[in-house]
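We did not get these values from a lab; they are worked out from the coordinates using the rules stated. Computed from a prediction, not measured in an experiment: that's the story for all the values here. Positions of Cβ are generated from backbone atoms using ideal geometry, with glycine treated the same way; all protein chains shown enter the neighbour counts.
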Amino acid sequence: MCDSCGCVEEDSVLMDGVRIKGHDHGHDHGHDHGHDHGHDHGHDHGHDHGHDHGHDHGHDHGHGAGTRRMVQMAQDLLSQNDHYARRNRAVLTERGILAVNLISSPGSGKTTLLVRTIEALKDRLRIAVIEGDQSTANDAERIRLTGVPAVQINTGKGCHLDAHMVSHALDRLLPQAPQILLIENVGNLVCPTDFDLGEAHKVVVLSVTEGEDKPIKYPGIFHAARAMLLNKVDLLPYLTFDEEVCLGYARRVNTDLRVFPVSATRGDGFDAWLAWLTAERDGSVLTAAAVGG
């Protein structure tokens, strides 16, 4: 997990330019309590009872305790996230909203994919978008130009969205009564995999400019994903990318992975992608009816 990359420093998380209140409350409370108590107690005790012995023993003990604290912090963080994810999923399921979490490396074409998807569906389905980036509102502004509501979450040093952030965005978007919620996660193939947002499906986006071995280099997200969009296929004539090798790797990791070769700029393959998305949305409606009935 990403316990050393800055993701836990959540005090800089913004939603449409405003700090998300209370986002770091649970984390700060647990971190401060565990860190201060363990560090002060072990350090003072060792120095009071003998410098040489206490220092050597205390240093080794402190190192182990520090590791345990980091493990506990990671477990607490994921547990807290899962709590919010369950709440998000219950809210979305009850309303029959299909939520899709799109995950990829930076530059794969996620935003362009979203824009083309929205333009194709917005006249028959209500769509809302959550945009995740470390900084700027550029992508949310692009989405809003299509006429659909979008919330921009800036994670600061964090490299992924989490379920608490999404819960705040839902407070803003649910009054719009969306039928499909598209979540564009921060560009990263690793950390977002561990954080359930309450979505129905993860969809991984891979562009042909990235190399065909990405599915076996980063198997976690390809295993967790329900579908894969192989983007920028219009560039295949100009690259040495072997599509069949890539798809073979992807299906080695996940035999049930649905694959949609597409071009977000030209529209290649979009009929199949849109058909799958609308069918999944219809399934969400049936699930909501079963839950409510």
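Look at the alpha carbon pairs under 8 Å that are at least 6 residues apart: their mean separation over the length of the stretch 77-283 gives a relative contact order of 26 percent.
Go ahead and run the numbers for FRET between residue 238 and residue 119, Cβ-Cβ distance against an R0 of 35 Å, rounding to 0.05. Working from the Cβ atoms, E equals 0.85. Annotation for the stretch 248-267 versus the stretch 121-182: alpha-carbon center distance of 24 Å. Amide H to amide H distances under 5 Å link residue 201 with 99, 101, where only residues 5 or more positions off or on other chains count and H is placed in the peptide plane.
Distances between placed amide hydrogens fall under 5 Å for residue 242 paired with 212, all partners being 5 or more residues away or on another chain. Sorted on the mean count of surrounding Cβ atoms within 10 Å across their residues, most packed first, peptides 96-103, 84-91, 228-235, 175-182 read 96-103, 228-235, 175-182, 84-91. Within the stretch 98-123, list the residues whose amide N lies under 18 Å from a label point set 7 Å along Cα→Cβ of residue 217. Backbone N within reach: 103-110.
Label the stretch 215-290 by shape, choosing from rounded, prolate and oblate, from the square roots a ≥ b ≥ c of the eigenvalues of the Cα gyration tensor; if a/c is under 1.5 it is rounded, and otherwise prolate applies when a/b is larger than b/c, oblate when it is not.
Details: a/c = 3.40, a/b = 1.44, b/c = 2.37.
Note, shape of the stretch 215-290 comes out oblate.
Under the classification rounded if a/c is under 1.5, otherwise prolate if a/b is larger than b/c and oblate if not, where does the stretch 85-198 fall, given a ≥ b ≥ c as square roots of the Cα gyration tensor eigenvalues? Oblate is the answer for the stretch 85-198, as a/c is 1.5 or above yet b/c matches or exceeds a/b.
For the stretch 106-162, applying the loop criterion from DSSP together with a ceiling of 10 other beta carbons within 10 Å to the trypsin sites (Lys or Arg not before Pro) yields 124.
Please list, or write none, the lysines whose alpha carbon is within less than 18 Å of the alpha carbon of residue 214, excluding same-chain residues fewer than 8 places away. In chain and number order, the partners are 110, 202, 232.
Beta bridges assigned by DSSP with both partners in the stretch 77-283 are antiparallel in approximately 0 percent of cases.
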